[in-house]
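The values are calculated or read from the model by the stated rules, or taken from the named source; none is laboratory data. These numbers were taken from a predicted model, which means no experiment stands behind them. Neighbour counts are summed over all protein chains in view; Cβ atoms, including those assigned to glycine, are modelled from backbone coordinates with ideal geometry. Note: accessible area is taken over every heavy atom of the protein model, side chains too, but ligands, DNA and RNA are not part of it. Shrake-Rupley method; radii C 1.70, N 1.55, O 1.52, S 1.80 Å.
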Amino acid sequence: MPIPRMLVVASLCLATCIATAQNWDTIPLNDFSAFAEKPPNWSIVGAASGQLGDANLNTDRGIGVVYSRSRNGENFDLISQFTHGDMDLDLEFMLPEGGESGVLLQGQYEIQLKDSWQRERPTYLDAGAIPPRSAPESQELVGGKRPRVNAAKAPGLWQHLSISFRAARFDQYGQKIEHARLLFVKLNGLIIHENVSLTTSTSGSSTDELARGPLVLEGNSSQVAFRNICVQRYESPPLRWKSLRYESGEMINSDTYQMPAQIEESGTAEWIDPRVTTKNEKIALRFDGEIDLAVDGLYTFEVEVWWNARLTIDGQATETTPSSSNGATQLELAAGTHRIVLEYYKYDSWYQSKLALYLSGPGVARQPLHEETALPVSALPTPHLVDFDREAQVLRAFTHYSREAGSSTMLTHTAHVGLPEGLAFTYDLLRAIPVQVWRGEFLDATPMWSGRGDGSASALGATTVLDTLPPWMNSETAAIRPRGYKMNEGSIPTFVTQVDDLILEDRLEAIPNLPGLTRQMSWSGESDEAPIWRLASGLEIEKIDRFNYLIDQAYYLRLDDDNEGQAEVVLADERAHLVFTAEGDQIIYQIIW
């Protein structure tokens, strides 16, 4: 199939707030109306970009991105108009090489943003860290918390930060009675903090702790850009049951999920708790109560159960009837009182009772409507984790592959490779291509062995998704046949694939002293025309120079200058593709993220 020879940079759509959830508010970035003022070092732009080795960001005219640049000491932070207590935050940021910034919740508690991608072991001053504070008496730095792992990406790439924050609590006299908490902080999809108590403001704050404060984006250290800033503020008080009652009896048989005519136990309860009955088999249990909702909106009910449950809201059964699994349903509900009935059925005695109900919605953080201490510890499977080793490790397993939020595909012929340098990738043998790369920790193989298992393993690091399109571009009907892999002395695999009459050998190794991989593709055999190899595809491919390309602003691709042939960006099937027409019998390039 001939390929259209046209240079193209396809338009990259900006991400929306998490899964386009209705309860999230997007901070508009077409002007500075969402902020207290416009500092001189901040501006609204349409796009930002950077590259390795450059201490500056490039910008284009437009809207959708806030950008801070150094202005001879006139550098100020960007402060939101709104104030917040409990809040979830989701945003993207970009730093140049050596760049530094921060996000301050309530203007008091900072999450550090920094170009730390080459740091092997992050400190409490690196990307994602909670910086230490200055002790008032001695001015010494105390406290602070390092991120669990270094999840930072290379400078000039967009990075994703998610935070779930719960504010400090104060009594009627203004005395603090509960510390602020970070339920979690995720950097590029990886949890780097979890359930952290913030005992005091950080060193970046000049105010005392308060119940409310603004969101602050630091702009006083270096260039930085932010986009897709989404917040979900929780203004409603915690929910409580009204008139919650329970009834229990004996199941009629193992597959009849309805309450029996004879009720053996009944009473009132504060929370849903299957321990109200002493039975451990043939349980038929119903909880019936009311919840007051403060505002109209979309509410999410999540049920976790062993073995079967039925949730009814205002007399109508929801679509959620999980069987030995979790289930969720979303409903538009008006402000006011709503009746909720949750029935639980468990016939066998060889597993513990488990019944949980969570509710979230506008102004309401996800909270349990059950007694949390009632959840059995054995509900958690024994983890099966695979660590990096002194030699490369290869684990064959299925892979849940997700290129876009809300969609996932199971890849069945994949190999996960962990290299001694702490880098890893997943290789799809059916398509002869690496589909994702990461660093940090290696693999969670629990799904392969927990219960019956689904045969999959997942990355423990922050993954960068590459592609699932095969590399051969000469013909749509090319026959691609995997021929396994062979190991070198360091146990690094070389994947072998037959593509029509060519034998392709494909090996990925760590780049010395740099977070990234070198891919070497070599081939032998006869071909009627010069091989055309697809090296990458995406919505946006930007050519930086003759050898360097930026793919979807997610990773860099750097061609070796000894390659024989020509690289170009072409458009096919509404995507941009970086293709290489080979004159020799190999191609070498680097993947840097």
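Within the shell defined by Cβ-Cβ distances under 10 Å, the residues around Ile291 carry a net charge of +1, with Lys and Arg each +1 and Asp and Glu each -1. Restricting the range 101-201 to chymotrypsin sites (Phe, Trp or Tyr not before Pro) that sit in a DSSP loop and have at most 12 other Cβ atoms within 10 Å of their own Cβ leaves Tyr173. Placing +1 on the Cβ of every Lys and Arg and -1 on the Cβ of every Asp and Glu, with nothing else charged, gives the chain a dipole about its Cα centre of roughly 900 debye.
Remark: the chain carries 47 Å² of accessible area per residue (probe radius 1.4 Å; ligands, DNA and RNA excluded).
Under 5 Å between amide hydrogens, built in the peptide plane, is the criterion, and for Lys114 it picks out Ser101, Ala127, Gly128 among residues at least 5 positions away or on other chains. Take the Cα of Asp255, go 7 Å toward its beta carbon, and the backbone nitrogen atoms of the range 343-359 under 20 Å from that spot belong to 344-350. In a DSSP loop and with at most 15 other Cβ atoms within 10 Å, the trypsin sites (Lys or Arg not before Pro) in the range 533-570 are Arg546. Per residue, the chain reaches 0 deg cm²/dmol at 222 nm when only DSSP H runs of four or more residues are counted, each adding -39500 (n - 2.57). Relative protection proxy for 494-500, 349-355, 420-426, from highest mean packing down: 420-426, 494-500, 349-355 (other beta-carbon atoms within 10 angstrom). For the chain, the share of alpha carbon pairs falling in successive 20 Å distance bins from zero is 17, 44, 32, 6, 0 percent.
Computing FRET efficiency as 1/(1 + (r/R0)^6) for Glu281 and Leu183, where r is the C-beta to C-beta distance and R0 is 35 Å, gives about 0.45.
Prolate is the label for the range 284-369. Its Cα gyration tensor axes, ordered a ≥ b ≥ c, give a/c of at least 1.5 and a/b above b/c. Here the ratio of the Cα radius of gyration of the range 427-511 to 2.2 N^0.38 Å is 1.27.
If you sort Asp273, Asp561, Asp528 by accessible surface, 1.4 Å probe, largest first, the order is Asp528, Asp561, Asp273. Rounded to the nearest whole Hz, the Karplus-based 3J(HN,Hα) values (6.51 cos²θ - 1.76 cosθ + 1.60, θ = phi - 60°) of the range 261-272 follow the sequence 5, 8, 8, 9, 9, 7, x, 10, 8, 7, 9, 5, with x at glycine and proline.
Computing FRET efficiency as 1/(1 + (r/R0)^6) for Glu583 and Lys176, where r is the C-beta to C-beta distance and R0 is 60 Å, gives about 0.30. The ratio of the alpha-carbon radius of gyration of the range 430-583 to the globular-protein estimate 2.2 N^0.38 Å is 1.12.
Counting protein heavy atoms only, the chain has 45 percent of its accessible area on carbon and sulfur, 1.4 angstrom probe. Would you work out the relative contact order for the chain, in percent, from Cα pairs under 8 angstrom that are 6 or more residues apart? Relative contact order, the chain: 11 percent. Ranking Ser266, Ala48, Met410 by Cα position along the charge dipole of the chain, where only Lys, Arg, Asp and Glu carry charges on their C-beta atoms, puts Ser266 farthest toward the positive end.
Annotation for the range 388-433: trypsin sites (Lys or Arg not before Pro) lying in DSSP loop with at most 16 further Cβ atoms inside 10 Å of their Cβ are Arg390, Arg403. Which pairs in the list Lys153/Lys354; Lys153/Lys543; Lys38/Lys114; Lys242/Lys354; Lys145/Lys354; Lys38/Lys145 are over 30 Å apart, alpha-carbon to alpha-carbon? Listed pairs above 30 Å: Lys153/Lys354; Lys145/Lys354; Lys38/Lys145.
Comparing Ala459, Gly128, Gly62 along the charge dipole axis of the chain, the residue lying farthest to the positive side is Gly128, per the Cβ-charge model.
Backbone amide hydrogens, once placed in the peptide plane, bring Phe388 within less than 5 Å of Phe442, excluding anything fewer than 5 places away on its chain. With the whole protein complex present, Trp307 retains an accessible surface near 100 Å², based on a 1.4 Å probe.
Under 5 Å from the amide H of Ala317 lies no amide H of any residue 5 or more positions distant or on a separate chain, with H modelled from the backbone and absent for Pro and chain starts.
What percent do you get for the relative contact order of the range 468-593 when only Cα pairs under 8 Å and 6+ apart count? Across the range 468-593, relative contact order equals 23 percent.
Full extension of the chain between Gln498 and Asp545 gives 13.7 nm of extra length, using 0.36 nm per residue less the Cα-Cα distance. Here is the P(r) of the range 220-316: all C-alpha pair distances, binned every 10 Å from 0, give 11, 35, 24, 13, 8, 6, 3, 0 in whole percents. Its relative contact order, with pairs defined as Cα atoms under 8 Å and 6+ residues apart, puts the range 72-184 at 25 percent. The dipole here belongs to the range 139-263: it is taken about the Cα centre, uses +1 on the Cβ of Lys and Arg and -1 on the Cβ of Asp and Glu, and is about 300 debye.
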